[in-house]
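Since the structure comes first, as structure tokens, the remarks are kept for the end.
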Amino acid sequence: MKKFLCLMFFIFLLASPSFAQDQHQLFTGILKDHVKDGVVDYRSLCEDARFTKYMDQLINTNTDNLGSDKEKLAFWINVYNAWTLKIICDNYPVKSINDLHSGGLAIGMILKTTVWDKKLVTINNKKTSLSDIEHKILRPVFKDPRIHFAIVCAAKGCPPLRNEAYEADRLDRQLDEQGRLFLAQENKNSFMFDKRIAYISPVFGWFKEDFGKKPKAVLRFIARYLPKEKGNLLSQDTERWKIKYTNYDWSLNE
């Protein structure tokens, strides 16, 4: 009897959406239908019943049952992105996520009353915030700066929202590709090699400690995601390069 119960429990785990290899397959289908080149069709997304179903799946996930670190990382990235989309849907139409902060962006950042600080996320009966997910789970636990290429704040200035869910068995490839996509967006990141001036996204300034703290370390990190020839040029004499940050476009990514 004991062996039978153990076997049934094992079968249950395999069948559970939280343990299935394709646990985020539903999210992939949703993103493929409503996201193109990082641009979101919020009107159709918000009316898609599958999105509600996927959110329910996330809400009911017992994170203690998540296996490898990559499975956990993929899960929390998907949670962050899915809930950001849900927050926009709950308030749509909206011109910018900044319109949802109590007191506006500047005051909200000081008083911790931004939409990112609000306990809007529920996972396994526990309430949390997008800020807690980013700054108490994703960044300190996994210590992978490529996270910043993947999580999206519903703004055009963000890295592009990927039109598929993140999956443990493909996570490294997905994160590397996100880095290349983000660095290829010349309105956010561009390089004057003759003058050694790097115009880079404020993301690399806001989280510079994740990318290497010192400017030369940040540039060497960036160089990995540029085409080989440009990457080699950027990584040479990094101390002679000057960094300037591009404007961050907070308008909705639609």
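Most exposed first by the Cβ proxy, i.e. fewest other Cβ within 10 Å, how do 239, 167 rank? If you can, show how the numbers build up before the last one.
Numbers: 239 9, 167 21.
Arranged by neighbour count, lowest to highest, 239, 167 become 239, 167.
Treat each spin label as a single point 7 Å out from the Cα along the C-beta direction, and report the residue 207 to residue 69 distance in nm.
About 1.7 nm separates the two model spin labels.
For residue 106 and residue 230, compute 0.36 nm times the residue count separating them, minus their Cα-Cα distance, and round to one decimal in nm.
Stretched fully, the residue 106-residue 230 segment lengthens by 41.0 nm.
Over every pair of different alpha-carbon atoms in the chain, take the mean of 1/r and invert it; report that Kirkwood radius in Å. Present the calculation step by step, with values, prior to reporting the outcome.
Numbers: mean 1/r = 0.0511 Å⁻¹.
It is 19.6 Å.
Sticking with the crude label model, points 7 Å out along Cα→Cβ, report the distance from residue 60 to residue 99 in nm, one decimal please.
3.4 nm
May I ask which of 118/208; 119/156; 36/214; 36/188; 32/70 have a Cα-Cα span longer than 30 Å here? Walk me through the numbers before you get to the answer.
Details: 118/208 25 Å; 119/156 24 Å; 36/214 35 Å; 36/188 18 Å; 32/70 22 Å.
Flagged as over cut-off: 36/214.
Starting with the fewest neighbours, write out 139, 162, 173 ranked by other beta-carbon atoms found within 10 Å of each beta-carbon. Before the final figure, lay out the partial values.
Numbers: 139 18, 162 21, 173 10.
Least to most surrounded, the residues fall as 173, 139, 162.
Would you mind counting up the charge near residue 121? Only other residues with Cβ under 13 Å from its Cβ, with Lys and Arg at +1 and Asp and Glu at -1. Please report the intermediate quantities before stating the final value.
Details: positive: 86, 118, 119, 126, 127, 136; negative: 90, 117, 132, 134.
In short, +2.
Suppose the chain between residue 53 and residue 185 were pulled fully straight at 0.36 nm per residue; how much longer would it get relative to their current alpha carbon spacing?
Values: separation 132, 0.36 × 132 = 47.52 nm, distance 3.30 nm.
Net length gain for the segment: 44.2 nm.
Read-outs throughout are calculated quantities, based only on the coordinates presented, and are distinct from any laboratory measurement. These figures come from a predicted structure and were not determined experimentally. Note that each Cβ is placed from the backbone with ideal geometry, even for glycine, and that neighbours are counted across all protein chains shown.
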